[in-house]
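Trainee: Mind having a look at this structure? Questions to follow.
Where a number appears in this text, it was derived from the coordinates with a stated rule and is not lab data. Note that the coordinates shown come from a computational prediction; the quantities given were computed from them, not determined experimentally.
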Amino acid sequence: MKTIIHKILGTTALFLAAGSVNASTFYIDTGVNYAPDTIVPSKVNDTSTGVKDQMTVKYQSSTDFFFGGDGVLGVGDALVTQGGLTVGTASENLVTSLNPGQVGVFGNADNGFNTVTGWFLSFSFTDLTGTVNGFEGAFPTVSYNGGTIDFLFSTDGATWTNFMDLIVTGSALIGGANLDVFGNLDFTNIDGGAPVDLFHDAVSSLSFHDIWLAGGSSVLSFNIDQNTDPNKAVFSPINGGVNVSTDHDGSVIFKVPEPATLALLGVGLMGLAGASRRRAV
């Protein structure tokens, strides 16, 4: 399969680079029927959720800011951020909902998400790099230019498996201390045996992993609307700078190529679609 796909990519790479993407609907297929469908049937299949368009998250972060030559923190100074399970517990660093969310037994099935007998999603990161781009009162606002967010899956809330990576390529300030963090999805350095086919594009039914195999990490992207709480910021001195820890909440959306762009992958992608459907049966 990979050999076929790589041959196809030689003739489609330019089209993929130019192809437009839209915010995508998705579903999550855990491979296990954790909970029955709702009164209004909405699961894509027995082992999956209903169709979703975003996730909400909450997390904690710890950022080391490094003073420039003047010995004070200013615009352009470097920083490194770590967060999620790296700095806190699962109760404070979690995907909190899949949206639209399941309400009781009526539609938008979650298939046991965030339940004691079900499954959980979280994340961790240690190396988000960037610079200071301003201040919101005393709180420094930032611009990120690199780093990796490990996305994690668990069935008990204690043991976590890295099944997908979010590679940060940049960010944009969208008001106050609120950031839009963006980048691409990647499966190169995930844990061995991880459930790589969790997330599926709802339009094509292809897993994100299969789309990545066909088109590479530049094909799939994400945006995190990151809301920072400056009121909970704690400042601590470090050698040559200052550490700032605080809380965040926000939302995550994913983007995949439009169907016409996916079609450019031809036979290789069609083969992946067939494999995806066989796994879903």
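Trainee: Highest GNM mean-square fluctuation, the chain, Cα pairs closer than 10 Å: which of Val256, Val32, Val44?
Mentor: The residue that fluctuates most here is Val32.
Trainee: How large is ³J(HN,Hα), in whole Hz, for each residue of region 59-70 in order, when computed from phi with the Karplus curve 6.51 cos²θ - 1.76 cosθ + 1.60 and θ = phi - 60°, using x for Gly and Pro?
Mentor: Karplus-based 3J(HN,Hα) across region 59-70 equals 6, 10, 9, 9, 10, 8, 9, 10, 4, x, x, 7 Hz.
Trainee: Averaging sequence separations of C-alpha pairs under 8 Å and six or more residues apart, then dividing by the length of the chain, give the relative contact order as a whole percent.
Mentor: 23 percent
Trainee: Now, a different point. For Gly74, what residues show an amide H to amide H distance below 5 Å, using hydrogens built from the backbone and excluding near sequence neighbours?
Mentor: Gly68
Trainee: Any chance you could check the Cα centroid distance between region 151-205 and region 124-144 for me, in angstrom?
Mentor: If you average the Cα positions of each part, the centres end up 20 Å apart.
Trainee: Hey, in the GNM for the chain with a 10 angstrom Cα cutoff, which one of Leu73, Leu85, Leu166 fluctuates hardest?
Mentor: In this elastic network of the chain, the residue with the biggest mean-square fluctuation among Leu73, Leu85, Leu166 is Leu73.
Trainee: Using only alpha carbon pairs under 8 Å that are at least six residues apart, calculate the relative contact order of region 150-232 and give it in whole percent.
Mentor: 28 percent
Trainee: Sticking with this structure for a sec: Going Cα to Cα from Lys43, which aspartates and glutamates come in below 20 Å? Please leave out same-chain ones fewer than 8 positions away.
Mentor: Asp29, Asp53, Asp110, Asp197, Asp201
Trainee: Further question on the same structure: Given H placed on each backbone N at 1.01 Å, which residues far from Gly170 in sequence or on other chains put an amide H within less than 5 Å of it?
Mentor: Phe182
Trainee: Read phi for every residue in region 38-49 and hand back ³J(HN,Hα) as whole Hz from Karplus 6.51 cos²θ - 1.76 cosθ + 1.60, θ = phi - 60°, with x for Gly and Pro.
Mentor: Coupling constants for region 38-49: 7, 4, 9, x, 9, 5, 5, 8, 4, 9, 10, 7 Hz.
Trainee: Counting only complete DSSP H runs, which helices of the chain cover 20 Å or more along their long axis at the Cα atoms and score a mean Kyte-Doolittle of -0.5 or above?
Mentor: 2-18, 266-280
Trainee: Also, I was wondering about something else. Only helical DSSP H runs with n ≥ 4 go in: add -39500 (n - 2.57) per run for the chain, normalise by residue count and round the 222 nm mean residue ellipticity to 500 deg cm²/dmol.
Mentor: -5000 deg cm²/dmol
Trainee: Provide the per-residue ³J(HN,Hα) series for region 138-152, in order, calculated from phi with Karplus coefficients 6.51, -1.76, 1.60 and θ = phi - 60°, each as a whole number of Hz, with x at glycine and proline positions.
Mentor: My calculation for region 138-152 gives 8, 8, x, 9, 10, 10, 8, 10, x, x, 10, 9, 7, 8, 10 Hz in order.
Trainee: Among Lys43, Lys255, Lys232, which one shows the biggest mean-square fluctuation in a GNM of the chain, springs joining Cα atoms closer than 10 Å?
Mentor: Taking springs between Cα atoms under 10 Å, the residue moving most is Lys232.
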